[in-house]
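*Asks:* Can you read through this structure? Questions will come right after.
The values are calculated or read from the model by the stated rules, or taken from the named source; none is laboratory data. These figures come from a predicted structure and were not determined experimentally. Ideal geometry is used to build each Cβ from the backbone, glycine not excepted, and the neighbour counts take in all protein chains shown. Keep in mind that these areas ignore ligands, DNA and RNA; they rest on the heavy atoms of the full protein, side chains included. Shrake-Rupley method; radii C 1.70, N 1.55, O 1.52, S 1.80 Å.
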Amino acid sequence: MYRYILTLISSILMFNFLSGQKKMPSDIHNIYDFKIKSLQGQIIDFSSFKGKKILIVNTASKCSFTPQYEGLEKLYKLYKDKIVIIGFPANDFLRQEPGNNHEIESFCQLNYGVSFPMSAKISVKGKKMHPLYLWLTNEKYNHYKDSKVTWNFQKYLLDEQGKLIQIFQPSMDPMDEAIIKAIQ
């Protein structure tokens, strides 16, 4: 019996260690508590987005979905009064975002004319997952549902009160009718 209990405790501890689940910083209670560094090194303060929908997208420059930057920019320009789009460059899927912040900014501006806010490069999964993505992917924090970031260009939509209301798959074009309807 003693051996069984030790094995069980060991298994639980190993599972917790391997899962690498980070804890949410104690000063984060909702989406508006996040302050993120931009590609240019400035602060993106989510509290300034109160009253607008927020579309959060993990991005990459060398992905088959990279042309979605064009649709994201178009969506941003068309609905700027209703929504803010924030791109989060991440190198978590097949090293498809190898550049540094300056290189990512240049690429986005030169190739797609991106004018919506872009964060500094982060991680959206694993042990180095940014707290924002921990919030987005855990029902415990977002009060919507658990999810996993499955690939580059997964989209998380929050309403005007900062509540997560929808998750769109990476393959969904930013100008898809479902996204436009959710914004309107």
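*Asks:* Beyond 20 Å between alpha-carbons counts as too far, so tell me which of 62/121; 125/181; 155/181 fall in that bin.
*Replies:* Those over the limit are 125/181.
*Asks:* Next question, about the same structure. With θ set to phi - 60° and the Karplus curve 6.51 cos²θ - 1.76 cosθ + 1.60, what are the ³J(HN,Hα) couplings of the range 130-145 in order, to the nearest whole Hz, using x for Gly and Pro?
*Replies:* Residue by residue, the range 130-145 yields 5, x, 4, 6, 5, 5, 5, 9, 10, 4, 3, 9, 8, 6, 10, 5 Hz.
*Asks:* Counting only other residues whose beta carbon sits under 10 Å from that of residue 44, what net charge do I get with K and R as +1, D and E as -1?
*Replies:* On the way: positive: 35, 37; negative: 45.
Summing Lys/Arg as +1 and Asp/Glu as -1 gives +1.
*Asks:* Let me understand the range 132-184 better: what is its radius of gyration from the alpha carbons, and its Dmax, in angstrom?
*Replies:* 11.1, 30
*Asks:* Separate question: Based only on the alpha carbon positions, what is the Kirkwood hydrodynamic radius of the chain, in angstrom?
*Replies:* Values: mean 1/r = 0.0577 Å⁻¹.
Evaluated on the chain, it is 17.3 Å.
*Asks:* Follow-up. Ranking request for peptides 84-90, 160-166, 25-31: highest mean number of other beta-carbon atoms within 10 Å first, then the rest in descending order.
*Replies:* Details: 84-90: 23.7, 160-166: 15.7, 25-31: 13.1.
Packing proxy ranking, top to bottom: 84-90, 160-166, 25-31.
*Asks:* Per residue of the range 54-59, in order, report the coupling 6.51 cos²θ - 1.76 cosθ + 1.60 (Karplus, θ = phi - 60°) as ³J(HN,Hα) in whole Hz, putting x for Gly and Pro.
*Replies:* My calculation for the range 54-59 gives 10, 10, 9, 9, 7, 10 Hz in order.
*Asks:* Residue 146 to residue 77: FRET efficiency via 1/(1 + (r/R0)^6), r the Cβ-Cβ distance, R0 25 Å, to the nearest 0.05?
*Replies:* 0.15
*Asks:* Ok, one more. Sequence neighbours fewer than 8 away in the same chain don't count; with that in mind, list the aspartates and glutamates whose C-alpha is under 14 Å from residue 128.
*Replies:* Once the sequence-local aspartates and glutamates are set aside, what remains near residue 128 is 92.
*Asks:* Let me ask you something else. Take every DSSP beta bridge with both residues inside the chain and express the antiparallel ones as a percent of the total, to the nearest 5.
*Replies:* In the chain, approximately 55 percent of DSSP beta bridges are antiparallel ones.
*Asks:* If you don't mind, another one. DSSP loop (so not H, G, I, E, B), at most 14 other Cβ within 10 Å: list which trypsin sites (Lys or Arg not before Pro) in the range 70-129 pass both filters.
*Replies:* Those satisfying the criteria are 80, 82, 95, 127, 128.
*Asks:* Now for a different question. Counting heavy atoms of the protein chains only and a 1.4 Å probe, report the per residue accessible area for the range 76-150 as a whole number of Å².
*Replies:* Counting only protein heavy atoms, the per-residue value for the range 76-150 is 53 Å².
*Asks:* If you don't mind, there's one more thing I want to ask. In Å and whole numbers, how far do the C-alpha atoms of the range 105-157 stretch along each principal axis, longest first?
*Replies:* Result, largest extent first: 39, 23, 17 Å.
*Asks:* With an 8 Å cut-off on Cα pairs and a minimum separation of 6 or more residues, tell me the relative contact order of the chain in percent.
*Replies:* RCO, the chain: 26 percent.
*Asks:* Enumerate the amide H contacts of residue 120 below 5 Å, restricted to partners 5 or more residues apart or on another chain; note that Pro and chain-start residues carry no placed amide H.
*Replies:* Distant-sequence amide H within range of residue 120: 37, 38, 39.
*Asks:* Now for a different question. By the scheme Lys and Arg +1, Asp and Glu -1, what is the net charge of all other residues having a beta-carbon under 15 Å from that of residue 154?
*Replies:* -1
*Asks:* Tell me the carbon and sulfur percent of the accessible area for the chain, rounded to whole percent, probe radius 1.4 Å.
*Replies:* Percent of accessible area from carbon and sulfur atoms in the chain: 54.
*Asks:* Return the calculated 222 nm mean residue ellipticity for the chain, to the nearest 500 deg cm²/dmol, obtained by summing -39500 (n - 2.57) across DSSP H runs with n ≥ 4 and dividing by the residue count. Write out the running numbers ahead of the final one.
*Replies:* Working: 6 runs with 59 residues, N = 184.
Only helices count here, giving -9500 deg cm²/dmol.
*Asks:* Another question, then. What are the residues whose amide H is under 5 Å from the amide H of residue 80, where those residues sit 5 or more places off or on another chain and H is modelled from the backbone?
*Replies:* The list, which skips near neighbours in sequence, is empty: none.
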